[in-house]
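**Student:** Take this structure first; my questions come after.
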Amino acid sequence: MGHPDLTNRLKVLRAERDWTQAELADRVGVSRKTINTIERGVFAPSAVLALKIARVFGVAVEEVFMLRNAQDMNGPAS
Amino acid sequence: MTAESSGPSLTDQVESLEKSRRHMMISLVGTLLLWFVPQILEDAVPDAMPHALKATCVFLGMAGGLLWVVLMLRYHRFQNMVRNRPELRDRLNDERIGQLRREAIYRGWVVLLVFVAAGVALAPFVALPVQALLLTLLMVGVSAPLLFFLWLDRG
């Protein structure tokens with residue numbers, strides 16, 4: 001269900017706002033278990049859900065979800 | 001968005017309903033096995049079975065069937081209750097659950113195909129009792145996706 005290349009900063013962003021997983025789940029409109037599995041990398045959310053999560057944090061989606069080896073994907077450094 | 005003091009919060013309700021759904025699915029698999037396995041045994045070895053054991057199989061099968069009907073009615077009531085509460089319905093059936101359902105159905109279908117293929121492969125060598133074979137396929141077809149869902153959603 002998860003994706004090996006995808007990582008996220010959900011836990012950090014939650015902690016900064018002092019939100020529990022349940023509070024975030026309420027704001028996004030999913031179950032707490034879904035937030036928990038996303039946070040642990042067990043479940044990779046759709047683009048729509050990722051955008052919803054980014055919106056409730058008030059940040060760009062790239063600040064919540066990122067690729068593990070993003071530098072490799074941008075090609076060799078010049 | 002913190003929990004209100006009056007009554008359980010939405011998250012608590014969702015978690016409680018998730019647990020109920022999980023228990024219902026486990027019970028459904030259990031009663032399905034109780035309903036089908038004695039019948040399959042009875043059809044597979046009708047002559048080799050002592051009369052008392054045969055009677056037990058019939059009784060267990062009937063009890064399983066009755067329990068299955070009761071549980072299905074309970075599940076139907078659960079679904080109706082959730083359908084009338086959109087905020088709960090959307091959380092209980094969010095995209096993770098949708099993905100798990102699709103995955104469970106796909107895996108269950110693969111298992112069913114394996115059983116069909118095994119039956120086809122054995123048929124030229126063994127006289128397979130048709131009734132027992134069909135009941136087995138029905139049991140696998142229903143229980144395998146449920147079991148895969150429970151396993152994928154284990155936490």
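**Student:** How big is the dipole moment of the stretch B:1-127 about its Cα centre under a simple scheme where the beta carbon of each Lys and Arg is +1, that of each Asp and Glu is -1, and everything else is neutral? Debye, nearest 20, please.
**Tutor:** Its charge dipole is roughly 180 debye.
**Student:** Compare the peptides B:44-51, B:98-105 by average per-residue count of other Cβ atoms within 10 angstrom and give them in order, highest first.
**Tutor:** Result, highest mean Cβ count within 10 Å first: B:98-105, B:44-51.
**Student:** Compute the Cα gyration tensor for the protein assembly as shown, then decide on rounded, prolate or oblate, letting a ≥ b ≥ c be the square roots of its eigenvalues: rounded whenever a/c is under 1.5, prolate when a/b is larger than b/c in the other cases, and oblate in all that remain.
**Tutor:** Since a/c reaches 1.5 but b/c is at least a/b, the shape of the protein assembly as shown is classed as oblate.
**Student:** At 0.36 nm per residue, minus the direct Cα-Cα distance, what do B:Ala52 and B:Ala117 gain on full extension? Give it in nm, one decimal, please.
**Tutor:** Full extension from B:Ala52 to B:Ala117 adds 20.0 nm.
**Student:** Any idea how far the Cα center of the stretch A:33-47 sits from the one of the stretch B:41-101, in Å?
**Tutor:** With the stretch A:33-47 and the stretch B:41-101 each reduced to a Cα centre, they are spaced 30 Å.
**Student:** Going out from 0 in 10 Å bins, what whole percent of all Cα-Cα distances in the stretch A:6-63 drops into each bin?
**Tutor:** 25, 68, 8
**Student:** Okay, moving on. Put simply, what bits of the stretch B:86-115 lose 40 Å² or more of accessible area when the other protein chains are there, versus the chain on its own (1.4 Å probe)?
**Tutor:** B:Arg91, B:Asp94, B:Glu95, B:Arg96, B:Gln99
**Student:** Over chain B, average the accessible area per residue using a 1.4 Å probe and give it in Å², no decimals. Intermediate results must be reported in sequence, preceding the final value.
**Tutor:** Working: 9460 Å² over 155 residues.
Accessible area per residue, chain B: 61 Å².
**Student:** I'd like the FRET efficiency for A:Glu39 and A:Met66, computed as 1/(1 + (r/R0)^6) with the beta carbon distance as r and R0 of 22 Å, rounded to 0.05.
**Tutor:** After rounding, the FRET efficiency stands at 0.95.
**Student:** Out of the total accessible area of the protein assembly as shown (probe 1.4 Å, heavy atoms of protein only), what percent is carbon and sulfur?
**Tutor:** The C+S portion of the solvent-accessible surface of the protein assembly as shown is 63 percent.
**Student:** So what is log10(I(q)/I(0)) for chain B at q = 0.15, 0.19, 0.20 1/Å, when the Debye sum runs over its Cα atoms only?
**Tutor:** -0.91, -1.21, -1.27
**Student:** Given the protein chains as shown and a 1.4 Å probe, how many square angstrom of B:Lys19 are accessible, to the nearest 10?
**Tutor:** 130 Å²
**Student:** Over the stretch B:71-144, consider all pairs of different Cα atoms and compute the Kirkwood hydrodynamic radius from their mean reciprocal separation; express it in Å, one decimal.
**Tutor:** 15.0 Å
**Student:** Which FRET efficiency value, to the nearest 0.05, is calculated for B:Trp151 and B:Val126 with the Förster distance at 30 angstrom and r the Cβ-Cβ distance?
**Tutor:** Efficiency, rounded to the nearest 0.05: 0.45.
**Student:** With the cut-off at 1.5 for a/c, could you classify the stretch B:5-68 from its C-alpha gyration tensor as rounded, prolate or oblate? Each step should come with its number before you reach the end.
**Tutor:** Numbers: a/c = 7.09, a/b = 4.40, b/c = 1.61.
Because a/c hits 1.5 or more and a/b exceeds b/c, the stretch B:5-68 counts as prolate.
The values are calculated or read from the model by the stated rules, or taken from the named source; none is laboratory data. Since the model is a prediction, treat every value here as computed from it, not as a measurement. Every residue, glycine among them, receives a Cβ derived from its backbone with ideal geometry; neighbour counts consider all protein chains shown. The area values use the complete protein model at the heavy-atom level, side chains included, leaving out ligands, DNA and RNA. Shrake-Rupley method; radii C 1.70, N 1.55, O 1.52, S 1.80 Å.
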